[in-house]
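Chemist: My structure is below; once you've seen it, I'll send some questions.
Please treat every number below as a calculation from the coordinates, not as lab data. This is a predicted model, so every value here is computed, not measured. FYI the Cβ positions are ideal-geometry reconstructions off the backbone, even for glycines, and counts take in every protein chain you see.
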Amino acid sequence: MEGELDSLHPLLARQLRRTDAAVDRPPDLAGWQELLRRVSRSYRAAEDDRYTLERAMEVSSGELHDLNRALLAERDKLHAVVSDGLCLIDSEGVVQSVNREAARLLGVRAAAMVGSRLLGRVRVEVETSGSSRSANPAIEAMLAAGEAWTEERAVLVHASGFRIPVSLALNPVQVGQTVVGSMVALRDRSQQRDAERRLLHANEELQRARDHAWSANEAKSRFLATMSHEIRTPMHGVLGTLALLLESSLDSQQFELAATASRSAERLLAILNDVLDFSKIEAGKLSLEELEFELRPEVEASVALYSESKQVGVDLCCFVADDVPDFVVGDSLRLRQVLTNLVGNAVKFTSQGQIVVRVERVPAAGRVRFSVEDSGAGMSETVQQSIFEAFTQADGSTTRRYGGTGLGLAICRDLTALMGGELRVHSQEGVGTTFWFDLELAAGAQNAASFDSLEGLRVLVVDDIAVNRQILDDYLRAWNCTVVGAAGATEAEAALARSVFDVALIDFMMPEVNGVELARRIRADARSKSMALVMLSSANTDREAARRVGITTLLSKPISQRALHDALRTVTGLAGTVERVTPQSADVRFTGRVLLVEDNQVNQRVAAAILQKLGLEVDIAADGADGVMQSARVDYDLILMDCHMPNLDGFEATRRIRSRESHSGGRVPVVAMTASAMVEDRRRCLEAGMDDHLPKPATKAAIAEVIGRWLRREDGGE
Amino acid sequence: MQVHSLYYAPAMGWSAAFPPVDGPRTLVLVFGASDFAERDEPLRELRAAFPTSIVTGCSSSGEIQGDRVQDGSLAVAVAVFEGSGLRLAGARVGVAEDSCAAGASLGAQLVAEDLRGVLVFSDGLSVNGSELVRGIVGAVGERVPVTGGLAGDGDRFQRTWVLTADGPVSGHVAAVGLYGPRVRFGHGSRGGWDLFGPERLITRAEGNVLYELDGKPALALYKEYLGDRAAGLPATALLFPLAIHPDEAGAEPIVRTVLGVDEAAQSMTFAGDLPTGWRAQLMKANFDRLIEGAAAAADLARRGERDDLVTLAVAVSCVGRRLVLAERAEEEVEAALEGLPPQTAQVGFYSYGEISPHVDGSCRLHNQTMTLTTIQED
């Protein structure tokens, strides 16, 4: 104890000093008590300190434990997502951790690996050409030096002799400035080889699929081209035949029927083109024409197209407001396409009531509004939202009931948008549907042949349909006629009793008393015997009955403004007889000898007939080879060359002709005849050495126009 | 320069008669228990004895006199300069937000070509110490050392005061400027705490009020660590000061000590800022290192001082150290004194925050340190 007293704890030593005591000198009582207080405080403080430290250690151990677990979990997660083998070794080469992939490659359980020397478990060899040697000593050296190393062509050799090709990377691990070990990354090259093989295989599959897709695509293109050719060819026959029929002497009803048939055929062709164009629209490759055209006939023709197909009991009306310009600038074909589509839809879905097509100005916007209103089945809100999508129809049963591609409205929407408008719809189930769009159409430079004034003409309009009466009223008043409307026989007779009329326009199809019966009654009345009668007829009008009661003039509904005007002039004696429309081109004649190269016999006949009518001498070649041959024998003034022919097509035939001419001299004009009006085709024609282009089906007028560019007219005009 | 030490204890009165050295070149520093604000007779006696001297000081969490640590006493040092100038400045700090402005005001009152050092004694509860220092340094410049501390209130954290001409006043900051080429102004500051436990992110704090670490209430964390000793909050929070540093490599940590807790807001108020996004780590005491720290602070402070001159040493140590060291607190005071020149008179106090230049020379508020200032006159 002596030693202990020699070196008291410094605290106790100080406490003694503070109480004026020493090892060999006890304090007085006050000092003693002070000493006890101080010693007791020390014990308590020491106890508190111990508690604090223990507590801190406990809590912080807990915290660190949790953190450690989170870190390990994080590391495991990382190891799991890393597909490479990872093995952390310390600077002595002893394994600290391995992930599953590394354990697999090393051929041991992960747990067994940790704590043992990595290179004691496995030999690393490097594949050199031919021989393999152990790289273990080199790796040991690099580990010791803390160097980085990568070897793409390493092989792990297990104790069993099993070999796994790997790529191996050594990366020194630093903590601060000190290298504490290395991370060894292993990538299984045998798997890599598998993956490469799989990739190669997948590539081949892709190649095959691509080739397949290419050929499918090519087949589609071929199919479309063939279809277009195959359908167009008979269509050209129909059109040509009708053109010839229209040239013959027909009465006005026959002419109108033939004209409608011709227009319908043209529409069909147009629809075919539209289907083909749909892919172009979808691909954003469709461009619009900007040409001047007469609006009224376009609209009326689009509506008239359906005068035959609409259902009985449905009135099809068309009204173009007076202040709409006669000529506008735009794409007539596309406008007509939209209108025919919309009217066609209306016709399909309307079984009673009326379909009214209106073209009016929207004064505020300076635009022209086109609307097609029907009293058909209508659509629900839901259906309205999807009808503009391609291949969608009002419901699944629609296709069954009405046919159709489901493309119509999608095309309409796209075309309208291209023209700068927006196709919109308003519909109510059971009430009807209205489609409309507004277009900004610049007025053309030309004006239509103005209507002669019919001033003072007193006209009685008898039609049970108010819209029809309204339209006729609008037209007639624009020509300064006096108009009285009557909704039926009773009202008409009352009007006739009150006033005198020059003309009565009587709808054939009226309830109770029909048009023929009313006409009979009027004719029977002496007061109105001299009054001219015009019947507004539909497809089902009994023309014979009409004629029997003395009606000679029938106007087909929907009524065109021009036809109405002309009919009124005729029946009131303001014009001579009923005018027959004959193309002016009939009078044009040329001189010269023409070779027609065309494989289709109907087309041969039609074209030859037209060419002969134009005063030309015509030879026919049945295909391209024949054409080349014939053109070598005879000096033709012009060759009309069909493009698509079996054996030798028009392009190749032309190339051969041009090739021959380069030796023999001379250059005969070659005019291509091609069904498609696509720009690419025109370019192809010019590239082949052709000079001009005639779209099929060629009308007489179009042929005359093109011929006029190349041959002299008989009368000496160019 | 001559220095006289004396102290006052209620039971025995003044340890000696006041030396008759009153004059404008006399500096009287006094540190005492906070309840002298009520029984201020001895303070009045002191001021009456030195009517033309610079008299200042503040309340403490333990008075340091020589190698002793006392409670409930007044520790006084009277330094009489021969050829150096002294100036006293004062400023009020109502709320912590005023701290920087108050510092700037003090600095502006003291700044001069020949200013050699500034001693600052500040209210310990309503002041943001780091902002106060920023204000002073902004005004006097980086090259002038600023040292001192925040007044203490035992382990109660209720009321602190600074001695002014009107007596002890809360919400006040006093600063003494020392002028002239003969003044030697040394300083040293050392902690001696160990970092422990995980590093945490300061996720929510406003100024010197800390709400959340790692998204969890900071107060709850402290309570977890304190266990039974949480009953002693806020004082016991001093057992675990917080070391904070910006979230970047190599950043020097700063120690922050707790001044108060708010149970309702689950927040803790520290003696200095806790910037959001900084890293924080708890610290714990290491007895030997605390004592070594005090010795090291003395080493730093005497560097550049002359051993043959009389030295006034102002020791400002953290209340947290006192709490941990308890009976052994005197060991650090002894260690400090032992490290200083032989003719040193040491006076000082346990504080709520220490002020002195950092190792890199920039003045900072420190916590949990022993901070020594040595003053000599050639």
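Chemist: Scanning chain A for chymotrypsin sites (Phe, Trp or Tyr not before Pro) in DSSP loops with at most 14 other Cβ atoms within 10 Å, what's the longest stretch left with none?
Modeler: A:392-718
Chemist: Sticking with this one: Less than 10 Å Cβ to Cβ from A:L16, Lys/Arg counted +1 and Asp/Glu -1: what total charge do the surrounding residues give?
Modeler: +4
Chemist: Another question about this same structure. Please sort by residue number the GluC sites (Glu not before Pro) in segment B:259-335 whose DSSP state is loop and whose Cβ has at most 15 other Cβ atoms within 10 Å.
Modeler: When the GluC sites (Glu not before Pro) of segment B:259-335 are filtered for loop state and at most 15 Cβ neighbours within 10 Å, B:E263 remain.
Chemist: Per residue of segment B:170-183, what does 6.51 cos²θ - 1.76 cosθ + 1.60 with θ = phi - 60° give for ³J(HN,Hα)? Whole Hz please, x for Gly and Pro, Karplus curve as stated.
Modeler: 7, x, 10, 10, 10, 9, 10, x, 10, 10, x, x, 7, 6
Chemist: Using Cα pairs under 8 angstrom and six or more residues apart, how large is the relative contact order of chain A, in percent?
Modeler: About 7 percent, as a whole number.
Chemist: What is the mean number of Cβ atoms from other protein chains located within 10 Å of the Cβ atom of each residue in peptide B:69-80, rounded to a whole number?
Modeler: Shielding by partners across B:69-80 averages 0.
Chemist: Still on this structure, I have one more. Report, in degrees rounded to the nearest 10, the 0 to 90 angle that the Cα long axis of helix A:679-688 makes with the longest principal axis of chain A.
Modeler: Here the helix axis deviates by roughly 80 degrees.
Chemist: To continue, here is another question. For the pair A:S287 and A:L64, what calculated FRET efficiency results from E = 1/(1 + (r/R0)^6), where r is the Cβ-Cβ distance and R0 = 60 Å, to the nearest 0.05?
Modeler: 0.20
Chemist: For a Förster distance of 22 Å, can you work out the FRET efficiency between the beta-carbons of A:F451 and A:D473, rounded to the nearest 0.05?
Modeler: Given R0 = 22 Å and the Cβ-Cβ separation, E is 0.90.
Chemist: In whole angstrom, how far apart do the alpha carbon centroids of segment A:14-78 and segment A:435-511 sit?
Modeler: Rounded to whole Å, the Cα centres lie 116 Å apart.
Chemist: Same structure again: Would you mind counting up the charge near A:R38? Only other residues with Cβ under 12 Å from its Cβ, with Lys and Arg at +1 and Asp and Glu at -1.
Modeler: +4
Chemist: While we're on this one: Using the Karplus curve 6.51 cos²θ - 1.76 cosθ + 1.60 with θ = phi - 60°, what ³J(HN,Hα) values do you get for each residue of segment A:659-667, in whole Hz, with x for Gly and Pro?
Modeler: My calculation for segment A:659-667 gives 5, 5, 4, 5, 8, 7, x, x, 7 Hz in order.
Chemist: Over chain B, what relative contact order in percent results from Cα pairs under 8 Å that are six or more residues apart?
Modeler: Rounded, it is 21 percent for chain B.
Chemist: Follow-up. If you average the sequence gap of Cα pairs under 8 Å that are 6 or more apart and divide by the length of segment A:80-193, what percent do you get for the contact order?
Modeler: 27 percent
Chemist: A further question follows. Which distance in nm do the two modelled labels at B:E45 and A:E127 give, with both placed 7 Å along the Cα-to-Cβ direction?
Modeler: Result for the modelled spin labels: 9.9 nm.
Chemist: Then there's this: Using label points projected 7 Å from each Cα along Cα→Cβ, tell me how many nm separate A:D251 and A:E544, to one decimal.
Modeler: Using points 7 Å along Cα→Cβ, the separation is 1.3 nm.
Chemist: Just to confirm the filter: which GluC sites (Glu not before Pro) across segment A:348-392 are DSSP coil and have at most 12 other Cβ within 10 angstrom of their Cβ?
Modeler: Loop-located and lightly packed - A:E389.
Chemist: Could you give the angle, 0 to 90 degrees to the nearest 10, between helix A:561-571's Cα long axis and the longest principal axis of the Cα atoms of chain A?
Modeler: Helix A:561-571 and the main axis of chain A meet at about 10 degrees.
Chemist: I would also like to ask the following. How far, in degrees from 0 to 90, does helix A:332-349 lean away from the longest principal axis of the Cα atoms of chain A, to the nearest 10?
Modeler: In chain A, helix A:332-349 runs at an angle near 90 degrees to the longest axis.
Chemist: Helix-derived [θ] at 222 nm for chain A: sum -39500 (n - 2.57) over DSSP H runs of at least 4, divide by residue count, nearest 500?
Modeler: My calculation for chain A gives -15500 deg cm²/dmol from helical runs alone.
Chemist: Given the options B:E248, B:E131, B:E97, which has the most mean-square fluctuation in a GNM of chain B, springs set between C-alpha atoms less than 10 angstrom apart?
Modeler: Top of the fluctuation ranking is B:E248.
Chemist: Can you give the average number of partner chain beta-carbon atoms within 10 Å of each beta-carbon in peptide B:281-287, as a whole number?
Modeler: 2
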